[in-house]
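Taking it in order: structure first as structure tokens, then the write-up.
Values quoted throughout were computed directly from the atomic coordinates according to the rules given, and no laboratory measurement underlies them. Bear in mind that the values here come from a model prediction, so they are computed numbers and not experimental data. Note that each Cβ is placed from the backbone with ideal geometry, even for glycine, and that neighbours are counted across all protein chains shown.
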Amino acid sequence: MDILALISRLIDYPTEELVNAKADVVGFIESDEHLTADDKAGLLNFVEQRFSMDLLDWQSDYDAMFERGRTLSLLLFEHIHGESRDRGQAMIDLIAQYKAAGLDIGLRELPDYIPLFLEFVSTQGAANARGWLQDVAHILALLKVRLEKRDSEYAALFSALVNLAQADIDYADLAEQVKGEKRDDTKEAIDKVWEEEMVKFGPDANSDACGTAVNKPSPAQRRDQDVPIQFIDAIVADTVAKENVSAVTVSGGN
């Protein structure tokens, strides 16, 4: 599903290169065969609104939305494991699955960064891609509802992803869930988090910085139909774990 690669780029940090490609982006959305009419309209509205902004204003708004607080984190495991130790093992498991599909990512790239995840999924064929999206559909839907609560055009991107997954989501339940959530991106909320978290020192102190989807799978890495859909494997063979632990350092925080 090539449309996933485009949505990945739209979710990633906005750049001048992206803005300059507006005509191509619009054309790609309009010609896609997987999107519903409503999702096409939502994505086109996103492009029109965001690409018309001053780039620095867009980038500033992006930072304020996704880089402060955790409710809108673009790291999948932040919403599943939080700060638990299970997050590290989940990272290792996902990296192993990327490698099984022929994709190697940089040591400083977090495998659960949504744009990177979507880049990978876009190379796995329509059937497998849908299965991978279904595995994380509840997270994508939660982000959609939270973004809608903030009246953000970014909600359309996550709405399209949930629909591409063909997932059955109870949006009314999610809306009720986030109804009472307090903003965690205010100065007061951020200061409180800094006070509560343990200070980290050493070479891995910054290893949890959010990665970017810059290493795209090449055509040679495509394995359209032979990758089993296993988002989080409960049991990983010792050989796989040892192989990846030696190559990857995973931080427990965001």
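Between residue 34 and residue 182, what is the spin-label point distance in nm, taking each point 7 Å from the Cα along the Cα→C-beta axis?
Rounded to a tenth, the inter-label distance reads 4.0 nm.
Taking the Cα of residue 52, stepping 7 Å toward and past its beta carbon, and measuring to each backbone N in the stretch 148-168: which are under 14 Å?
153
Mind ranking 22-30, 43-51 by how tightly packed they are, going by the mean number of other C-beta atoms within 10 angstrom, highest first? Mind showing how you got there, number by number?
Working: 22-30: 14.0, 43-51: 17.4.
Highest-to-lowest ranking by the protection proxy: 43-51, 22-30.
Can you give the local net charge around residue 174? Use residues other than it whose beta-carbon is closer than 13 angstrom to its beta-carbon, Lys and Arg +1, Asp and Glu -1. Let's see the in-between values first.
On the way: positive: 144, 146, 149, 179; negative: 148, 168, 170, 173, 176, 181.
Value of the local net charge: -2.
Given a cut-off of 19 Å, name the pairs among 40/144; 40/179; 99/144; 40/149 whose C-alpha atoms lie farther apart than that in the structure shown.
Values: 40/144 16 Å; 40/179 28 Å; 99/144 29 Å; 40/149 21 Å.
As for pairs spanning more than 19 Å Cα to Cα, those are 40/179; 99/144; 40/149.
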